[in-house]
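The values are calculated or read from the model by the stated rules, or taken from the named source; none is laboratory data. This structure is a prediction, so every number in the text was calculated from the model and none was measured. Positions of Cβ are backbone-derived with ideal geometry, glycine not excepted, and every protein chain shown enters the neighbour counts.
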């Protein structure tokens, strides 16, 4: 079963040490001046990276979109992209970009999935986003799902969390709409709770509860410290024409961090002059300084290892959603874990079939007493895909279990309800890994095409944007997207 997980961080950000007086009392005046010069350089970097709200206080939708003729679209695609931009503009409101930058210091639409529109991947993301909004708006009561989209949150974490939850709700709702389901958002259960989505079709009702799991507070704290050190090392490498290798096995407190960076700075200065290799240690951390061109192959920076139960947060969230959906129609849980489980654990590198097996065991335990839950759809979110990436499907071979010839491919029922693991290559050089895990509880299986078959949504996801665009009267992606020329 899936238990604890050990992972290391390799993410970058900006952090500035309070070190303006470090140069004093360090010996030779020349060293003192050079160290002070480094401090001034760090301060100049801080001025460049001023708060986002100050930099983008007047940021407009026109500035975000840029000239339509420079976007990665054909002439036929230009009006379609203009339509998509207007849809998002109407969803979030005219001042949302600037207001979000000012209050929360972040604008989700500046992330690579949506920006810049000269990138085909960003264009596909924006079109897909807009198509989902347009489909959902065709349903009565859509305001309940979309009403809070334009609300400006108080901090970065809250902004990104609510944005991700909006995306996931739109994703599932739009899949359901295209599948012929009526989607409601404010229908109340006998318990008084309101599920995220209530689906109805031909006298059948289902609930879908959506949730996003991100990185926890400890991870974000360690990430910030690691990212700050990385930025300092980049400055020193550029300033003194040296190269570094960092091994970080613990997080130092502020005082130790400042003293360590001072020592690293002195080592970089000396190595830049005499070319000698130096190692600077502090606690369980070390930075090696090499002359330019002499750094050995291998990792440049390895962050502190975290050992925790990566599954526990998922199990806790499942338990919460079980309670939230009790007392109503059968329910599916749709979970995006965009934090640790699928990205930074040793388990995430195991073969797909092994991961499916492990998740089936864990989710089976989590749903043991949840008779109203039909299953869990678990994903790590949409990611970049290499050009050579290929789709993949793993499933439990029922034929082998029953003593029959092995299956060459999963059945329709397995794709619809699971257990199945799907790696699908999506338009825009993207990919998604999805695990569809059904409950072990006995329940009525309806004829194909009758009940809710959410696994099929993700199995056929690569073709979904074209079907949705066609339904809204637009051409397919192949006629909209202009791929970059050249090798």
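Let's see how each residue does on (1) over 26 Å from residue 213 (Cα atoms); (2) outside any helix (DSSP H, G or I):
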{"residue": "90", "(1), (2)": "yes, no"}
{"residue": "126", "(1), (2)": "no, no"}
{"residue": "148", "(1), (2)": "no, yes"}
{"residue": "171", "(1), (2)": "no, no"}
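Applying the condition of being in contact with a helix residue (DSSP H, G or I) (Cβ under 7 Å, 6 or more places away or on another chain) and at pLDDT below 55 to segment 38-73 and asking which residue is surrounded by the most Cβ atoms within 10 Å (Cβ to Cβ) yields 38.
Among 432, 423, 470, which is the only one that is touching a strand residue (DSSP E or B) at 6+ places or on another chain (Cβ under 8 Å), surrounded by fewer than 17 Cβ atoms within 10 Å (Cβ to Cβ) and either in a strand (DSSP E or B) or without any contact (Cβ under 8 Å) to a residue 12 or more places away in the chain (or both)? It is 423. Under the condition of being outside any loop (DSSP other than H, G, I, E, B) and crowded, with 21+ Cβ neighbours inside 10 Å, which residue from segment 435-457 is nearest to the chain's Cα centre (by Cα)? Of everything passing the filter in segment 435-457, 435 is nearest to the chain's Cα centre (by Cα). Criterion first (part of a loop (DSSP other than H, G, I, E, B) and crowded, with 22+ Cβ neighbours inside 10 Å) does residue 81 satisfy it? No; evaluated as a whole, the condition is false for this residue. Among the residues of segment 97-111, those identified as under 20 Å from residue 131 (Cβ atoms) and either touching a residue at least 24 places away in the same chain (Cβ under 8 Å) or part of a helix (DSSP H, G or I) (or both) are 108, 109.
Checked against (1) surrounded by 19 or more Cβ atoms within 10 Å (Cβ to Cβ); (2) over 18 Å from residue 113 (Cβ atoms); (3) out of contact with any strand residue (DSSP E or B) (no Cβ under 9 Å at 6 or more places or on another chain), residue 477 passes all but a single condition, namely (2).
The strands (runs of 3 or more DSSP E) located wholly in segment 174-247 that include 2 or more residues which are within 22 Å of residue 317 (Cα to Cα) and touching a strand residue (DSSP E or B) at 6+ places or on another chain (Cβ under 9 Å) occupy 197-201, 204-213. The single residue among 87, 80 that is touching a residue at least 24 places away in the same chain (Cβ under 8 Å) and touching a strand residue (DSSP E or B) at 6+ places or on another chain (Cβ under 8 Å) turns out to be 80.
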